[in-house]
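*Asks:* Okay, handing you the structure first.
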Amino acid sequence: MKRSTPTWEWLVIGVISAFFIVPMLAMSRFALQRVPMSLLGRSTLFKRWNIKGIINTISDDKFRPAFLMSARLGLLTVVVVLALLLPTVLWLHLRAMKWKMAAEVVSLLAYVVPPIALVVGVSGAYRNTFPWLVSSEYGLVPLYAILCLPFAYRTLDAGVGSLDLHTLVNASRSLGASWTYTFRKILVPNLLSAILTTAFLAFAVVMGEFAIASLLLKRTLPTYMVEAQGREPQGAMAVALLLLVLTTVLFMLIGRIQKRLPNSTSQEIRVSP
Amino acid sequence: MSQLEFAHVTKRYGNLEALSAFSLSVNKGELISILGPSGCGKTTALRVAAGFESCDEGRLIMNGHIISPVPPHKRNMGMVFQSYSLFPHLTVTENIGFGLEVRKMPKKKRDETVANMLDLVRLVDVGHRYPHQLSGGQQQRVALARALAIEPTVLLLDEPLSALDAKVRIEVRDEIRSLQKRTGTTTLFVTHDQEEALSISDRVCVMDKGVIQQVGTPRDVYENPSTNFVATFIGETNTVELNGAEVFVRPEHTRVVFDAEPNSYRGIVRSTAFTGPTQTVIVELSVDGRLVRATSTNMVTDNWVPGQEVGIVFDHVLRHTNSPA
């Protein structure tokens, strides 16, 4: 029998939705409505909506390079995080469970070390020894990888933990598959859901990271947007809104892909006798 | 001819010796069960054979070649695991074809082999399904087909029936034996279930604490146990004192009679149990208060009542407890 949702549950859902939706509506109005602040009211609710702000910001010469740089940094961070963490998590589960606790603690470092400490430490240590790491925009990638560690580690760890890893690996090996073949043909497809989530979260973090980029004087999308806010506050807000919508769409898309994966638990399970 | 041989294999985990100078020779086409309680080292023996564990001492020999240093993927051993081990993202057909794809078998020949295998395990209709769409019994049959598809030198079965319910377990057990006989695959079968081991094996290897207790035919280990452990582990036994010596007697060789017969012992019926094909009477011996179990077929219709004074006759002594091992 289907259970009806009690009133208090609706109330909680309503309050939480309002907490997210009201600021976004206000943000949309500020970004997309060309009405002076003092005139914003009920009577002007539907007047002078346009996307000029977005177009102005996007067509700005500095927007494109900043956006592309953030996107490139995001992709590189995804690659570095996965290349670093996926084998590590698999190794921990297969061979070194006793080190798992230590790995979990290390993965939390990004929460403990504030960005300013990271920046001061890195620039101090590498300015003379490895200056490229401080001067180049791409020097941000290792720092972003550290920033992504806490959730990337946990997402992959949960994904690997949900598999009967030993049995799958042993089955594959006993059938003649080498380690690399097993990794490519068995582990990656079964961890696709966790890999996609990790990649998406890491990308989203990089696209929104401001503190480190600003402290190291790099021009990424967030630093550009903060700068543009002074010149074209509505435009910058509109771009922020656009990014929010894009992120949400991407998130929903990943959810759908995950549901379609053959080993997804949300699939219909038919068992014949 | 010996196809797989464990020669004095010892495996240690820290201070624990999981296998102690384990020596066993498996002949071509033979099915040997390794039987023993939990933690006796039987799975370790199988994992050493598969190459998932190295041996600290001794050697593993296959077809005359030492294979101890050979990695698992180069040993050509098919394995079926206790837990369902099908690859969840592959269909039944792809699962069975996996080992053949690894071996780079041409697609046409691979498809033929997979179809033969599906036919062999009577699962032709489910080739397109994913593992989560199969029942436990079907999954283990697919796992068996997948292991046999690569034509393994030795098939290793690690308690493949323990996750299945009683009825399916018997079905799959009989299927394993029939497939093994048809394909003539040398097989090492690990189980803690003695009925399983006795019913499908050519020979049974009984293990305890990393040491082989006895290797013999099912009838041999049941009727002529060579150690006290084997006597008590395989089947049921009564431990009683007869003529001043402690001996083991099987319940089916223990008979309840109405009154004193020559050579009978006195006792009092404590309980009775009817289990379908057999019935069991538990009797407390008057001489030392030990409880003994007497099992007869349900053809015997004597109606024993708890508290009733009866006689007990021991028809056959299985083993004296102080016999040399």
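*Asks:* Computed over the Cα atoms of the protein assembly as shown, what is the ratio Rg over Rh, Rh following Kirkwood?
*Replies:* Reported Rg/Rh (Cα atoms, Kirkwood Rh): 1.15.
*Asks:* Then there's this: Kirkwood-based Rg over Rh for segment B:210-325 (C-alpha set), two decimals?
*Replies:* Ratio value, two decimals: 1.00.
*Asks:* Listed highest first by mean packing, meaning other Cβ atoms within 10 Å per residue, what order do A:124-133, A:11-20 come in?
*Replies:* Descending mean neighbour count gives A:124-133, A:11-20.
*Asks:* Using 0.36 nm times the number of residues separating A:Val106 and A:Ala83, minus their current alpha carbon distance, what extension gain do you get?
*Replies:* 6.6 nm
*Asks:* Convert each backbone phi in segment B:72-86 into a coupling constant with the Karplus relation 6.51 cos²θ - 1.76 cosθ + 1.60 (shift: θ = phi - 60°), then list the ³J(HN,Hα) values in order as whole Hz, x for Gly and Pro.
*Replies:* After applying 6.51 cos²θ - 1.76 cosθ + 1.60, I find x, 6, 10, 8, 6, 10, x, 9, 10, 9, 5, 8, 5, 10, 5 Hz.
*Asks:* Taking every pair of alpha-carbon atoms in segment A:61-260, what share in percent sits in each 5 Å bin, from 0 to the bin with the longest distance?
*Replies:* With 5 Å bins starting at 0, P(r) equals 1, 7, 13, 16, 16, 15, 12, 9, 6, 3, 1, 0, 0.
*Asks:* Residue by residue through B:81-88, how many Cβ atoms from other chains fall within 10 Å of the Cβ on average?
*Replies:* 6
*Asks:* Rg and Dmax of segment A:89-174, using alpha carbons, in Å: what are they?
*Replies:* Taking only Cα atoms of segment A:89-174, I get Rg and Dmax of 17.1, 51 Å.
*Asks:* Taking the dipole about the Cα centre of the protein assembly as shown, with the C-beta of Lys and Arg at +1 and of Asp and Glu at -1, give me whichever of B:Leu19, A:Thr248, B:Ser286 is farthest to the positive side.
*Replies:* A:Thr248
*Asks:* Moving to a separate point now. For a protection proxy built on the mean count of beta-carbon atoms within 10 angstrom, sort B:3-11, A:181-189, A:29-37 highest first, please.
*Replies:* Those peptides, ordered most packed to least, come out B:3-11, A:181-189, A:29-37.
*Asks:* Hey, another quick one. Please work out, to two decimal places, the log10 of the ratio I(q)/I(0) at q = 0.28 Å⁻¹ from a Debye calculation in which every Cα of segment A:1-50 carries one identical scatterer.
*Replies:* -1.01
*Asks:* Label segment A:64-120 by shape, choosing from rounded, prolate and oblate, from the square roots a ≥ b ≥ c of the eigenvalues of the Cα gyration tensor; if a/c is under 1.5 it is rounded, and otherwise prolate applies when a/b is larger than b/c, oblate when it is not.
*Replies:* Oblate, since a/c reaches 1.5 and b/c is not below a/b.
*Asks:* State to the nearest 20 debye the size of the charge dipole of chain A about its Cα centre, where the only charges are +1 on K and R beta carbons and -1 on D and E beta carbons.
*Replies:* 560 debye
*Asks:* Still on this structure, I have one more. Which value, to two decimals, describes the C-alpha radius of gyration of chain B once divided by 2.2 N^0.38 Å?
*Replies:* Its radius of gyration relative to the 2.2 N^0.38 Å reference: 1.19.
*Asks:* Can you tell me how segment B:115-169 classifies by the Cα gyration tensor, rounded, prolate or oblate, using a/c under 1.5 as the rounded cut?
*Replies:* oblate
*Asks:* Could you pull out every residue, at least 5 positions away or on a different chain, whose amide H is within less than 5 Å of the one on B:Val154? Hs are placed 1.01 Å off N in the peptide plane, and Pro or chain starts have none.
*Replies:* The list, which skips near neighbours in sequence, is B:Gly78.
*Asks:* Right, another one. To the nearest 20 Debye, how big is the dipole of the protein assembly as shown about its Cα centre, given +1 on the beta carbon of each Lys and Arg and -1 on that of each Asp and Glu?
*Replies:* Dipole about the Cα centre, nearest 20: 3560 debye.
*Asks:* Here's something else I'd like to know. Hey, got the average number of other protein chain Cβ atoms within 10 angstrom for residues in B:125-134?
*Replies:* 3
*Asks:* Determine, from the Cβ-Cβ distance of B:Ala21 and A:Ile254 and an R0 of 60 Å, the FRET efficiency 1/(1 + (r/R0)^6), rounded to the nearest 0.05.
*Replies:* 0.60
*Asks:* For the protein assembly as shown, what does the helix formula give at 222 nm: sum of -39500 (n - 2.57) over DSSP H segments with n ≥ 4, over the residue count, nearest 500 deg cm²/dmol?
*Replies:* Helix contribution divided over all residues of the protein assembly as shown: -14500 deg cm²/dmol.
*Asks:* Once you sort the root eigenvalues of the Cα gyration tensor of segment A:1-113 as a ≥ b ≥ c, which label holds: rounded (a/c under 1.5), prolate (a/b larger than b/c) or oblate (the other case)?
*Replies:* Oblate, because a/c is 1.5 or more while a/b does not exceed b/c.
Read-outs: derived from the displayed coordinates by stated rules, not from any lab. These figures come from a predicted structure and were not determined experimentally. Because the Cβ atoms are built from the backbone with ideal geometry, glycine has one as well, and the counts that use them run over all protein chains shown.
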